[in-house]
Each structure stands twice: as C-alpha cells, then as structure tokens.
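> Next up is a structure, given as structure tokens.
Please treat every number below as a calculation from the coordinates, not as lab data. Only a predicted model underlies this, so the values are computations on that prediction, with no experimental measurement involved. Methodologically, a virtual Cβ is constructed for each residue, glycine included, from the backbone with ideal geometry; neighbour enumeration extends over all protein chains shown.
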Amino acid sequence: MGGLGKRRVKQVLLDTHAWAWSLTGDARLSAAALAAVTQAETVFVSAISLFEIGQKVRLGRWPQMQPLLPELLDLLAEQGGRLLPLSPKAGLLAATLEWEHRDPFDRLIGATAIAQGVPLICADSVFDALADTPRWPGRIW
C-alpha cells in the first residue's frame, strides 16, 4: 500500500494493469485495491489506458488483451467505471514533473492522479517516488 493506510476514499483512478486485472479476474489484484474499488463512489480509468493497452497489443506485448480490445469501453461501463479524459493540465504536468521515471504512460497516469486529486490504484511501487510531489494523492495497493 502506498501511504493511504485504510482510509476510505470517494474516488480512485485505476492504473492500466489494475483495470486489466479487474477485467480478467486476475488474482494479482490486491485485497486493498479491491476494497478501495468496491468502496469508492467513482472509479476512473484514464483514456491513456486505452492507448496503452492498444499499443501493447499492437506490438505483441499484451496478447491476452487482444480479444477485449473491441469491448473495452463497454466493459468499463458494465463495471460502473468512468473514463477520465486527458486534461491539458495533466498533459503539461506529465511533461514537466520532477520524476526520473520515463515511461510516458505512467507519467500521464501519475499526472492525472495529481491533477484530479484522486488516489491511484497501482501495484507498481515506482509511483511511490512521487510521495513528496505537491498534491500527490497517494497510491493504494
């Protein structure tokens, strides 16, 4: 868990892998992540996650997501999730964020969490390096 403890949150943002794992019933989705999603009033998925999944499928790096591609938006709606567009504020923040991590998907999703003030549900501890970033809402895992 990335610093939020057991505090209940009203809104959460799923990182791409967390959303994919929720779609496939993957056991790697942690109990804390599942609890946060279940208790949240609003569960967001970034539009960047659609691009990330599509890119990785196209490049052969995530073949198990191939069959889900045509249904991703419908599946999100069925889950009760909301798509969060990339805002100009998050785009600029991702480009200028003082963070050594270079993965563009992670930078955009981390910046979206900051811009929206929404905790990120993510297994990747690389986001913990943002703990000292102003307005970082934290990581749940």
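> With θ taken as phi - 60° and the coefficients 6.51, -1.76 and 1.60, list the Karplus ³J(HN,Hα) couplings across segment 50-56 in order, rounded to whole Hz; mark glycine and proline as x.
5, 5, 4, 4, x, 4, 5
> Additional query: Using a 10 angstrom cutoff on alpha carbons, build the Gaussian network for the chain and name the most mobile of 96, 16, 112.
96
> What's the exposure ranking of 56, 10, 89, going from fewest to most Cβ atoms within 10 Å?
Listing 56, 10, 89 from fewest to most nearby Cβ atoms yields 10, 89, 56.
> Hey, what do the phi angles of segment 34-48 turn into as Karplus ³J(HN,Hα) couplings, whole Hz, using 6.51/-1.76/1.60 and θ = phi - 60°, x for Gly and Pro?
Residue by residue, segment 34-48 yields 4, 5, 5, 5, 5, 8, 5, 6, 9, 10, 9, 10, 6, 4, 4 Hz.
> Whose amide H sits under 5 Å from the amide H of residue 121, counting only residues 5 or more places off or on another chain, with H placed in the peptide plane?
Amide H neighbours of residue 121: 13, 14, 15, 140.
> To the nearest 20 debye, what charge dipole does the chain have about its Cα centre, counting +1 at the Cβ of each Lys and Arg and -1 at the Cβ of each Asp and Glu? Don't jump to the answer; show the numbers that get you there.
Working: 14 positive and 14 negative charges, 47 e Å.
That gives the chain a dipole magnitude of about 220 debye.
> What full-extension length gain, to one decimal in nm, is calculated for residue 51 and residue 128 as 0.36 nm per residue of separation minus the Cα-Cα distance? Could you put the intermediate results ahead of the total?
Details: separation 77, 0.36 × 77 = 27.72 nm, distance 2.35 nm.
Going from the current span to full extension adds 25.4 nm.
> Further, regarding this structure: What list of ³J(HN,Hα) couplings, whole Hz, do you get for segment 73-82 from phi and the Karplus terms 6.51, -1.76, 1.60, once you set θ to phi - 60° and write x for glycine and proline?
Taking θ as phi minus 60°, the curve returns 5, 5, 5, 4, 4, 4, 6, x, x, 10 Hz for segment 73-82.
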